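Visitor: Just passing along the structure, written as structure tokens.
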Amino acid sequence: MTFGEQPAYLRVAGDLRKKIVDGLLPPHTRLPSQARIRQEYGVSDTVALEARKVLMAEGLVEGRSGSGTYVRERPVPRRVARSGYRPESGATPFRQEQAEAEARGTWESHSRQAEAAGAIAERLGVQPGDRVMCTRYVFRDAGETMMLSTSWEPLAVTGRTPVMLPEEGPLGGMGVVERMAAIDVIVDNVTEEVGARPGLAEELAALGGVPGHVVLVIQRTFYASGRPVETADVVVPADRYRIAYHLPVR
């Protein structure tokens, strides 16, 4: 193999991928058999098998027991809007989006006290083992799970206050900014870092993905005078959604 030349299995996978993307192999079409790939491309069984594995790992095809390998239907990506915080609205971004007439979103949550692990403690500026309120969310659109979120708030800030439980009490569900303002903690900054990684098994089970699928992870932190008062990980399936930011010009 000369310098810069792709391995044979990647060249075969690339050609099959192009046929899938271009519609020459539409959804639910049976992928050429290993013998057919071997014959058509003049490669070994090993190369043909590895090419099929690449397409499967990319989520372009799926195996059906006793039937073969088929092209998966490719969803049209939908937007998840991120707009920073909006103190005047009194609602979380998801609730704001779902207030639109065409939206069909629902969510559920569960809060429990926990100890801050190393990475979360660092993000919140507290000591490992300090008590936090951990809240897990499942967001759905028309019944389909679209997003997972886990948030952590230091109980040194919210403990023994009416806003200790993010989704309960007089300000339950009103969003971090308004809840914190109710206890005289003024949020003045929020940061979001977006990354991508293979989804964890439990995440993909909840999101309806297959092993190897990539998820987008938004790491969000709210600050009040430089002090972190909430941090969260928002997990979105990368093949079905795009993150759209609406940033005001100051």
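Visitor: Is at least one residue of the stretch 116-128 among the acidic types (Asp, Glu), open to solvent by 50 Å² or more (accessible area, probe 1.4 Å) and part of a helix (DSSP H, G or I)?
Guide: yes
Visitor: Tell me which of these SER109 doesn't satisfy, since it passes every other one: (1) within 21 Å of PRO166 (Cβ to Cβ); (2) modelled with pLDDT under 85; (3) open to solvent by 50 Å² or more (accessible area, probe 1.4 Å); (4) of a type outside the set (A, V, I, L, M, F, W, C).
Guide: Of the numbered conditions (1) within 21 Å of PRO166 (Cβ to Cβ); (2) modelled with pLDDT under 85; (3) open to solvent by 50 Å² or more (accessible area, probe 1.4 Å); (4) of a type outside the set (A, V, I, L, M, F, W, C), the odd one out for SER109 is (2).
Visitor: Next up: In the stretch 70-83, which residue that is surrounded by fewer than 16 Cβ atoms within 10 Å (Cβ to Cβ) and in contact with a His (Cβ under 9 Å, 6 or more places away or on another chain) is modelled with the highest pLDDT?
Guide: GLU73
Visitor: Is it the case, given these coordinates, that GLU153 is under 23 Å from ILE218 (Cβ atoms), open to solvent by 60 Å² or more (accessible area, probe 1.4 Å) and within 21 Å of the chain's Cα centre (by Cα)?
Guide: No.
Visitor: Ok, one more. Considering only residues of the stretch 129-150 that are over 13 Å from SER109 (Cβ atoms) and more than 21 Å from the chain's Cα centre (by Cα), which is least open to solvent (accessible area, probe 1.4 Å)? Please lay out each step first, then the result.
Guide: Looking only at the stretch 129-150, we keep the residues that are over 13 Å from SER109 (Cβ atoms), and these are 129-132, 141-146.
Okay, now just the ones that are also more than 21 Å from the chain's Cα centre (by Cα), so 129-132.
Values: GLY129: 31, ASP130: 61, ARG131: 109, VAL132: 1 Å².
Looking at residues that are over 13 Å from SER109 (Cβ atoms) and more than 21 Å from the chain's Cα centre (by Cα), I get VAL132.
Visitor: List pairs: first in the stretch 33-57 and on the phi > 0 side of the Ramachandran plot and free of Cβ contacts under 8 Å to residues at least 12 places away in the same chain, second assigned to a helix (DSSP H, G or I) and open to solvent by 60 Å² or more (accessible area, probe 1.4 Å), Cβ under 8 Å, 6+ apart or cross-chain?
Guide: Pairs found: none.
Visitor: Mind checking which strands (runs of 3 or more DSSP E) fall wholly inside the stretch 168-250 and carry at least 2 residues that are under 16 Å from the mean Cα position of the chain (by Cα) and within 18 Å of TRP152 (Cα to Cα)? It would help to see each step written out before you state the result.
Guide: On the way: elements: 189-198, 214-224, 227-237, 241-245.
Because the criterion is at least 2 residues that are under 16 Å from the mean Cα position of the chain (by Cα) and within 18 Å of TRP152 (Cα to Cα), the strands (runs of 3 or more DSSP E) in the stretch 168-250 that meet it are 189-198, 214-224, 227-237.
Visitor: Of the residues that make up the stretch 138-157, is at least one among the hydroxyl-bearing types (Ser, Thr, Tyr) and either on the phi > 0 side of the Ramachandran plot or without any contact (Cβ under 8 Å) to a residue 40 or more places away in the chain (or both)?
Guide: no
The values are calculated or read from the model by the stated rules, or taken from the named source; none is laboratory data. Keep in mind that what you see is a predicted model, and the values were worked out from it rather than measured. Because the Cβ atoms are built from the backbone with ideal geometry, glycine has one as well, and the counts that use them run over all protein chains shown. The protein model used for the area step is the full one, side chains on, heavy atoms only, and it has no ligands, DNA or RNA in it. Shrake-Rupley method; radii C 1.70, N 1.55, O 1.52, S 1.80 Å.
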